[in-house]
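Since the structure comes first, as structure tokens, the remarks are kept for the end.
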Amino acid sequence: MTNNSNTFLLESKLKRLKISFAKVNGKITIGKPKVDYTQLFGLIILPIFLGLAASIFLITSAPEFRESYSGKIFGGIVLFFSIGVINILRILAKMKANKELKILEYKTIIIKTKEVSKRFDANNTKDFEYTIKKVDKETYEGKLFLIDTTSQKHLILGFDDENEQYVTDDLSWFSDYFKKHLQQN
């Protein structure tokens with residue numbers, strides 16, 4: 001059971017960031033990010049399809065057309081494939097950052113991996129720390145870590161956004177939330 005009976009804001013932030021969670025018997029289990037099919041289609045499948053279509057068009061077009069427009073079409077092909085690949089990498093990074101289950105119980109955070117389950121509370125948690133990295137021109141990636149008393153870092157959440165301030169604000173909020181959850185002083 002979580003120490004904060006009002007978890008509405010936590011749930012809202014996780015939904016907005018498309019990180020799945022479940023609330024059962026007072027415990028919140030935070031898991032892998034949800035697949036956003038609109039984003040998958042619009043930012044990955046469609047650009048790659050358009051890049052392939054432009055490639056086929058360039059290959060099968062008349063030689064005189066190819067001589068006149070090959071540079072512009074090739075630029076479009078590179079652009080479409082770049083958009084698709086960059087967005088695939090973003091989604092994979094987000095999935096990797098959130099692959100372990102985090103269970104919020106009363107004054108405790110349990111991190112479950114395939115191999116082991118680690119329990120953290122106010123006695124074995126030193127602090128929470130976050131990092132922000134600029135991934136590309138318009139994307140910032142943030143990660144929140146739990147620092148245990150042996151100074152080992154454990155990844156709690158990872159997500160990205162186009163606005164650095166939003167990432168900073170969310171990471172700061174999550175850090176404060178988890179500190180309060182563990183009732184750290």
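The values are calculated or read from the model by the stated rules, or taken from the named source; none is laboratory data. Treat the numbers as computed from the prediction; the structure is a model and nothing was measured. Here Cβ is always computed from backbone atoms with ideal geometry, including for glycine, and neighbour counts include all displayed protein chains. These area figures cover heavy atoms from the full protein model, side chains too; ligands, DNA and RNA do not enter into them. Shrake-Rupley method; radii C 1.70, N 1.55, O 1.52, S 1.80 Å.
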Item to check | Debye equation applied to the C-alpha atoms of the chain, log10 I(q)/I(0) at 0.14, 0.19, 0.20 Å⁻¹ | outcome: -0.80, -1.25, -1.35
Item to check | Listed residues Val24, Val135, Val85, most fluctuating in the chain (Gaussian network, C-alpha, under 10 Å) | outcome: Val24
Checklist entry - What distance in nm separates the simple spin-label points at Tyr69 and Ser55, each placed 7 Å from Cα in the Cβ direction? => result 1.9 nm
Next on the checklist: At 7 Å along Cα-to-Cβ for each site, give me the label-to-label distance between Thr113 and Lys96 in nm.
Outcome noted: 1.4 nm
Checklist outcome for this item: Sorting Ser61, Ser70 on solvent-accessible surface, 1.4 Å probe, most exposed first, gives Ser70, Ser61
Item to check | Spherically averaged projected area in nm², based on the convex hull that wraps the Cα atoms of the stretch 105-185 | outcome: 5.8 nm²
Item to check | Rounded accessible area per residue of the chain, 1.4 Å, Å² | outcome: 60 Å²
Item to check | the chain: DSSP helices with Cα axial extent of at least 18 Å and average Kyte-Doolittle hydropathy no lower than -1.0 | outcome: 46-60, 63-97, 164-182
Checklist entry - Suppose R0 equals 35 Å; then what is the FRET efficiency for Ser20 and Lys137 from their Cβ-Cβ distance, rounded to the nearest 0.05? => result 0.75
Next on the checklist: Could you work out [θ]222 nm for the chain from helices alone, using -39500 (n - 2.57) per DSSP H run of at least four and dividing by all its residues? Round to the nearest 500 deg cm²/dmol.
Outcome noted: -15000 deg cm²/dmol
